[in-house]
Amino acid sequence: MSRYAVNKFLFQVDRDPDLLAAYKADPAEMVARWESEYMPFLGSQGQRVERTSWLGLTDAERTALVEHDYVALFEMGAHYFLTLTIFIGIYEEDYMARSGPLAFQREYRDKLKHWIGKDYPSVEV
C-alpha cells in the first residue's frame, strides 16, 4: 500500500470544500481526477513545481476510496485521524439529521471495535 498516496488524498480532499463536495457527489470521478491532477505533484495543494512518477494507488486502495470504505482504509494503514475527519465531512449532516450529534463518529467507532485490544495497523509511510 502507498500509505503516502492514500493519506495525501485524504488530507487534500478533506481540506478543500470543492474537492470534498466532488468526492461526496461522485467518488469514482473524484478519485480518478485526483490521481491525474493532484497525486503526481509533491508539496502543498496548489504547488505544481515538483513532479513525481513513483506515487500510485493500488486497485484495493482505489476501490476503498471510491466506496468510502473507511474500515478497509484503516486496515490497510491509512491514518485513522485522516479517515475519520474526511468522512465526518462527508457524512455528518446526513447522520445528524437522522440520528443526532456524533452519530457518524459512533458508527466509525462501532465498525472498528474489532480492533480493541489489538495493535493498530502501522501508519508509518
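Packing order of peptides 63-70, 5-12, highest average first: 5-12, 63-70 (average count of other Cβ atoms within 10 Å over each peptide's residues). Over the Cα atoms of the stretch 3-115, the radius of gyration divided by the Kirkwood radius equals 0.98; this is the Rg/Rh ratio.
Using a simple spin-label model with pseudo-atoms 7 Å out from Cα toward Cβ, residue 71 and residue 110 lie 1.2 nm apart. The length gained on full extension between residue 96 and residue 36, counted as 0.36 nm times the residue separation minus their Cα-Cα distance, comes to 18.2 nm.
How would 90, 116 line up from fewest to most surrounding beta-carbon atoms within 10 angstrom? The partial results should precede the final answer.
Numbers: 90 20, 116 7.
If I rank by nearby Cβ atoms, fewest first, I get 116, 90.
Values quoted throughout were computed directly from the atomic coordinates according to the rules given, and no laboratory measurement underlies them. Quick caveat, the model's predicted, so the values are computed rather than measured. Note: ideal-geometry Cβ built from the backbone for every residue, glycine included; neighbour counts use all protein chains shown.
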